[in-house]
């Protein structure tokens with residue numbers, strides 16, 4: 001129940017899942033499952049989306065927040081993949097001009113790197129061309145230009161560099177995933193987080209998926225004509241459990257990032273090559289800096305950050321930036337650890353250059369079983385995954401009443417202009433207006449209505465983050481927040497950019513918890529404090 005005493009959106013969806021046979025059931029609520037649900041629901045399919053943890057709570061909340069065309073894949077001559085990813089990046093920039101922003105990458109080159117500087121510069125121009133010249137042009141950097149524009153960079157051994165463009169998510173990857181889930185919900189999708197799929201089997205022409213509501217403990221069955229496995233690094237495990245054979249499988253790669261205080265005031269990504277030759281980033285994130293990443297083989301989808309991972313990232317940033325003092329583990333505000341699923345043929349054996357494994361996606365369909373598995377993929381390529389999955393579902397006999405209906409993107413510029421016009425009498429500052437639109441889109445008008453009814457809705461909670469009271473109230477009603485971690489880590493980035501001890505001791509957190517959970521606030525707070533994320537928090541499967 002929500003604070004108003006009526007059944008919550010989540011509870012209502014769970015109750016409806018045991019009704020008639022649906023067209024498609026999707027397992028896994030990360031970026032792949034979210035876009036597939038949004039695309040199918042918009043085009044008229046009856047869809048269910050089941051997520052064992054919170055939406056976007058595994059790999060999809062642990063990225064670098066970059067939307068990039070994969071410039072590093074040029075080294076492996078994967079020109080087709082780079083062109084495709086750049087096209088996907090451009091699509092996202094056009095479709096989400098507020099939520100996906102172009103950002104400059106400020107890249108340094110050392111004399112001892114395996115490729116000469118001219119090759120790095122030429123590569124950025126090729127990258128720009130493969131991207132259809134959609135972004136700002138690259139710019140070669142001399143040592144003097146680097147020293148003048150980014151004096152924090154250590155120039156020992158550096159012979160210059162280059163600046164080029166890609167894109168990033170200013171509100172984070174998990175919030176971006178939630179936007180697609182919300183779109184699917186608005187179009188009738190029965191989506192629920194903390195709903196664990198226990199197993200699926202065919203009964204004639206219908207898939208029956210047993211599921212358990214992790215909030216109430218109740219078990220139910222979901223019937224669908226088609227079953228989609230979008231469980232990311234757990235996809236192979238789920239297929240094995242359900243007796244599904246495929247010609248592809250995953251190998252896993254772990255990437256970690258550390259959040260520290262801002263290392264540069266400029267809104268750009270500082271890029272260099274780590275000691276092992278891999279790309280290394282310092283990325284703006286919510287007034288902090290996100291540094292990393294690693295790219296190492298992983299055995300399990302739920303691996304965490306190790307002491308060696310932290311030492312690698314801290315050593316590399318301390319060598320490359322001139323900071324007031326070297327960063328240590330005491331400077332770490334929060335950590336991110338994502339296990340990426342990389343698709344390979346079923347018979348692949350480890351003997352290749354690990355870093356050069358492709359980040360492509362493959363959608364494998366079993367027409368007889370009416371089963372679809374999504375292997376691999378990147379957030380950058382999510383729109384293609386949504387469209388391709390619609391085509392596969394149609395091929396399996398599901399009729400989509402509106403097969404060409406647009407399913408993604410922000411409202412048009414005229415709608416945004418009207419929103420901005422309506423904010424003027426309310427006295428909202430420009431940063432708040434931009435943030436509301438970027439995070440809520442057409443739902444922003446409802447937030448303005450709530451401020452008109454109660455001007456306290458415009459009050460800032462956690463002022464450094466710009467979070468408004470009306471946003472927290474809307475999250476309680478519409479964003480399926482089950483644990484406090486859901487809100488602090490995924491609906492917002494508060495748990496990433498504010499040290500945990502500061503959050504725990506803040507009166508603002510108590511107020512947020514009260515708004516979200518009403519009479520259950522003390523229980524949810526105790527869960528978060530005692531279990532580092534709430535008793536229900538789990539990686540998606």
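Does residue 174 meet the test of being in contact with a strand residue (DSSP E or B) (Cβ under 7 Å, 6 or more places away or on another chain) and either at positive phi or at pLDDT 95 or above (or both)? Talk me through it step by step, then tell me what you get.
Details: in contact with a strand residue (DSSP E or B) (Cβ under 7 Å, 6 or more places away or on another chain): no; either at positive phi or at pLDDT 95 or above (or both): yes.
No, not satisfied.
A quick yes/no check of all residues on (1) surrounded by fewer than 19 Cβ atoms within 10 Å (Cβ to Cβ); (2) under 29 Å from residue 27 (Cα atoms):
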site: 306; (1), (2): yes, no
site: 320; (1), (2): no, no
site: 368; (1), (2): yes, yes
site: 387; (1), (2): yes, yes
query = within 24 Å of the chain's Cα centre (by Cα), assigned by TED's automatic domain parsing to the domain that holds residue 149, in contact (Cβ under 8 Å) with a residue 12 or more places away in the chain and crowded, with 20+ Cβ neighbours inside 10 Å - does that describe any residue in segment 105-115?
reply = yes
note = Note on segment 122-173: residues more than 27 Å from the chain's Cα centre (by Cα), part of a helix (DSSP H, G or I) and surrounded by 20 or more Cβ atoms within 10 Å (Cβ to Cβ) are 146
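Of all residues in segment 76-104, how many are in contact with a helix residue (DSSP H, G or I) (Cβ under 9 Å, 6 or more places away or on another chain) and free of Cβ contacts under 8 Å to residues at least 60 places away in the same chain? Can you show your working first?
First, pick out the residues of segment 76-104 that are in contact with a helix residue (DSSP H, G or I) (Cβ under 9 Å, 6 or more places away or on another chain): 76, 78-79, 81-89, 91-92, 95-102.
Subset that is free of Cβ contacts under 8 Å to residues at least 60 places away in the same chain: 79, 82-83, 86-87.
Residues meeting the conditions: 5.
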inquiry  = I'd like to check something: does segment 278-285 contain any residue that is in the same structural domain as residue 327 (by TED's automatic domain parsing), more than 27 Å from residue 341 (Cβ to Cβ), surrounded by fewer than 20 Cβ atoms within 10 Å (Cβ to Cβ) and more than 18 Å from the chain's Cα centre (by Cα)?
reply    = no
message = List pairs: first residue in segment 394-410 and at positive phi and in contact (Cβ under 8 Å) with a residue 40 or more places away in the chain, second residue outside any loop (DSSP other than H, G, I, E, B) and exposed (fewer than 15 other Cβ atoms within 10 Å of the Cβ) anywhere in the structure, Cβ distance under 6 angstrom, at least six positions apart or on different chains.
response = 409/95
In segment 282-294, residue farthest from residue 102 (Cα to Cα) [restricted to those that are in contact with a strand residue (DSSP E or B) (Cβ under 6 Å, 6 or more places away or on another chain) and modelled with pLDDT under 95] = 294
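Taking segment 72-85, which residues are buried (at least 24 other Cβ atoms within 10 Å of the Cβ) and either under 16 Å from residue 120 (Cβ atoms) or in contact with a strand residue (DSSP E or B) (Cβ under 9 Å, 6 or more places away or on another chain) (or both)? Break it down into steps so the answer makes sense when it comes.
Kept after step one, since they are buried (at least 24 other Cβ atoms within 10 Å of the Cβ), are these residues of segment 72-85: 85.
Result: no residue meets the conditions.
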message = Against the condition modelled with pLDDT of 95 or more, assigned to a strand (DSSP E or B) and in contact with a strand residue (DSSP E or B) (Cβ under 6 Å, 6 or more places away or on another chain), how does residue 246 come out, does it pass?
response = no
key: Scope segment 94-104; condition surrounded by fewer than 18 Cβ atoms within 10 Å (Cβ to Cβ) and outside any loop (DSSP other than H, G, I, E, B); matching residues   = 94, 95, 101, 102
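The values are calculated or read from the model by the stated rules, or taken from the named source; none is laboratory data. All of these numbers come straight from a predicted model, not from anything done at the bench. Neighbour counts are summed over all protein chains in view; Cβ atoms, including those assigned to glycine, are modelled from backbone coordinates with ideal geometry.
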